[in-house]
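Below is one structure, written out as structure tokens, with a few remarks after it.
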Amino acid sequence: MNKEPSKNASLKTRLFAFLLDYLLIILYGVLVIGTVSVFFRPLMTSLFTESVVTAQLTGFLMMTLPVSLYFIIGECSKRQGTWGKQKVGIRVVDRQGNRIGFVRSVLRTGVKFLPWELAHFGVYRLMLPTILSDSTVLIILTSVNVAILIYVLMPLTNPSRKSVYDFVAGTEVVRS
């Protein structure tokens, strides 16, 4: 079903939707991660202190994966957006204005959260022993900051307010 593309969502609207979603992410972090950390403290301490690989994998499974699935499933669903996007009346579509599929949603979300995961990668390697030199880790973390700057500036440089992940995935965020 090919729909006429709607007007692109403003940057302000997109940011507000993300802030609403971020409130859910914080709530998830406090409830789930906080509860697990309290009741399974010795296990959690060992998972985050003994091996950089184990710390990375644990962080990914406990935080990045669930948050990513929230965005992936929400944006390729019939609702075409997360709870935050729905609340502000915007949705994610492909270039033709249609609902995006699962693969496109995975790509969009993966690119969106790549700097977040690379930041975790770098921080874990600063905290725990690793084969990477400190200068290599600092280069990675500096690259993350540059990427974040590009992610923030990109919507300001194009009339459709697309971010890096929208260009990569061939998506747009439009008013419902």
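The values are calculated or read from the model by the stated rules, or taken from the named source; none is laboratory data. All figures in this text were calculated on a predicted structure; none of them were measured in a lab. Here the Cβ is made from the backbone with ideal geometry for all residues, glycine too, and neighbour counts use every protein chain on show.
Tabulated data
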read-out: Residue within the stretch 97-117 that is modelled with pLDDT under 90, closer than 21 Å to GLY59 by Cα and either β-branched (Val, Ile, Thr) or touching a Ser or Thr at 6+ places or on another chain (Cβ under 8 Å) (or both) present; value: no
read-out: Test for ARG175: is it exposed (fewer than 14 other Cβ atoms within 10 Å of the Cβ) and in contact with a strand residue (DSSP E or B) (Cβ under 9 Å, 6 or more places away or on another chain); value: yes
read-out: Among residues of the stretch 153-164, those that are exposed (fewer than 13 other Cβ atoms within 10 Å of the Cβ) and assigned to a helix (DSSP H, G or I), counted; value: 2
read-out: Candidate set: the stretch 4-47, residues that are hydroxyl-bearing (Ser, Thr, Tyr) and surrounded by 12 or more Cβ atoms within 10 Å (Cβ to Cβ); chosen: the one farthest from LEU156 (Cα to Cα); value: SER46
read-out: Sole exception among (1) under 30 Å from GLY89 (Cβ atoms); (2) surrounded by fewer than 13 Cβ atoms within 10 Å (Cβ to Cβ); (3) without any contact (Cβ under 8 Å) to a residue 24 or more places away in the chain; (4) hydrophobic (A, V, I, L, M, F, W, C) for PHE167, by number; value: (2)
read-out: Hits in the stretch 74-92 (condition: under 14 Å from the mean Cα position of the chain (by Cα) and without any contact (Cβ under 8 Å) to a residue 24 or more places away in the chain); value: GLY74
read-out: Failed item, numbered, when MET62 is tested on (1) hydrophobic (A, V, I, L, M, F, W, C); (2) surrounded by 18 or more Cβ atoms within 10 Å (Cβ to Cβ); (3) touching a helix residue (DSSP H, G or I) at 6+ places or on another chain (Cβ under 8 Å); (4) farther than 30 Å from ASP134 by Cα; value: (4)
read-out: Residue within the stretch 93-106 that is assigned to a helix (DSSP H, G or I) and either small (Gly, Ala, Ser) or over 19 Å from the mean Cα position of the chain (by Cα) (or both) present; value: yes
read-out: Failed item in (1) among the hydrophobic types (A, V, I, L, M, F, W, C); (2) closer than 13 Å to ILE25 by Cβ; (3) touching a Leu at 6+ places or on another chain (Cβ under 8 Å), with MET63 passing the rest; value: (3)
read-out: Selection status of LYS12, farther than 21 Å from GLY110 by Cα and in contact (Cβ under 8 Å) with a residue 24 or more places away in the chain; value: no
read-out: ILE139 being in a helix (DSSP H, G or I), loosely packed, with under 14 Cβ neighbours inside 10 Å and of a type outside the set (S, T, N, Q); value: yes
read-out: Matching option when the condition is touching a residue at least 40 places away in the same chain (Cβ under 8 Å) and more than 27 Å from ILE148 (Cα to Cα), among GLN56, GLN96; value: GLN96
read-out: Members of the stretch 126-136 found to be in a helix (DSSP H, G or I) and closer than 17 Å to VAL53 by Cβ, listed by number; value: LEU126, MET127, THR136
